[in-house]
Every structure is written in structure tokens, then in C-alpha cells.
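Engineer: Here it is, the structure, as C-alpha cells.
FYI, it's all coordinate maths here, none of it is from the lab. All figures in this text were calculated on a predicted structure; none of them were measured in a lab. When we count neighbours, we look across all protein chains shown, and the Cβ atoms used for this are built from the backbone with ideal geometry, even at glycine.
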Amino acid sequence: MFESNVGSKFNILLPQNGELVSAMNMNRDEKCDLVIVYDEDNQKYPKLQNTIRVLLTN
């Protein structure tokens with residue numbers, strides 16, 4: 001777990017399929033949170049296969 005300030009930057013590898021990235025209000029705080037899914041066909045980064053990353057806004 002980590003904390004950040006407004007304007008923080010994160011280095012995150014995005015999946016090639018843009019449909020696997022979505023923004024939604026997951027914790028009902030009226031802010032969009034980012035959900036990234038790496039499918040099992042991720043040949044370029046095999047360590048990320050079948051992984052989900054969630055960035056919650058604060």
C-alpha cells in the first residue's frame with residue numbers, strides 16, 4: 001500500500017487491449033478509480049498474466 005499527493009505519477013504498464021483498462025467509482029466517494037486487468041495472453045510481460053491492479057483516488 002502507498003500514499004501519494006495530488007499530481008503524483010506512477011509508472012504502470014498498460015495492457016495492449018484498451019478494453020482491459022476502465023475507470024469507475026469503486027469505493028463510492030464520487031471519484032473515478034482506475035482498474036487495470038492483465039489477461040492470460042500477456043506474452044510481453046508474463047509476470048503480469050492474470051493480474052488486476054486497482055488505483056483508488058483519495
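Engineer: Which cross-chain or sequence-distant (5 or more) residues have an amide H under 5 Å from the amide H of Thr51, H modelled 1.01 Å from N in plane?
Structural biologist: Hits under the 5 Å cutoff: Tyr38.
Engineer: So how many Å³ per residue does the convex hull of the Cα atoms of the chain work out to? Please list the in-between numbers first.
Structural biologist: On the way: hull volume 5.8 nm³, N = 58.
It comes to 100 Å³ per residue, whole-number rounded.
Engineer: Going by how many other Cβ atoms sit within 10 Å of their own, how do Arg53, Arg28 line up, fewest first? Walk me through the intermediate numbers first.
Structural biologist: Numbers: Arg53 14, Arg28 6.
Ranked by crowding around the Cβ, least crowded first: Arg28, Arg53.
Engineer: Give a residue-ordered list of calculated ³J(HN,Hα) values for the range 20-30 (Karplus: 6.51 cos²θ - 1.76 cosθ + 1.60, θ = phi - 60°; whole Hz; x for Gly, Pro).
Structural biologist: For the range 20-30, the Karplus-derived couplings read 8, 10, 9, 10, 7, 8, 7, 10, 6, 9, 6 Hz, x marking Gly and Pro.
Engineer: Expressed in nm to one decimal, what extension gain is obtained for the pair Leu56 and Cys32 from 0.36 nm per residue of sequence separation less their Cα-Cα distance? Before the final figure, lay out the partial values.
Structural biologist: Values: separation 24, 0.36 × 24 = 8.64 nm, distance 0.77 nm.
Length gained, Leu56 through Cys32: 7.9 nm.
Engineer: Starting from the amide H of Met26, placed 1.01 Å from N in the peptide plane, find each other amide H under 5 Å away whose residue is 5 or more places distant or on another chain.
Structural biologist: Asp33
Engineer: Can you list which of the chymotrypsin sites (Phe, Trp or Tyr not before Pro) found in the chain are DSSP loop residues with at most 14 other C-beta atoms within 10 Å? Write down the numbers at each step before the final one.
Structural biologist: Working: sites: Phe2, Phe10, Tyr38; in loops: Phe2, Phe10.
When the chymotrypsin sites (Phe, Trp or Tyr not before Pro) of the chain are filtered for loop state and at most 14 Cβ neighbours within 10 Å, Phe2, Phe10 remain.
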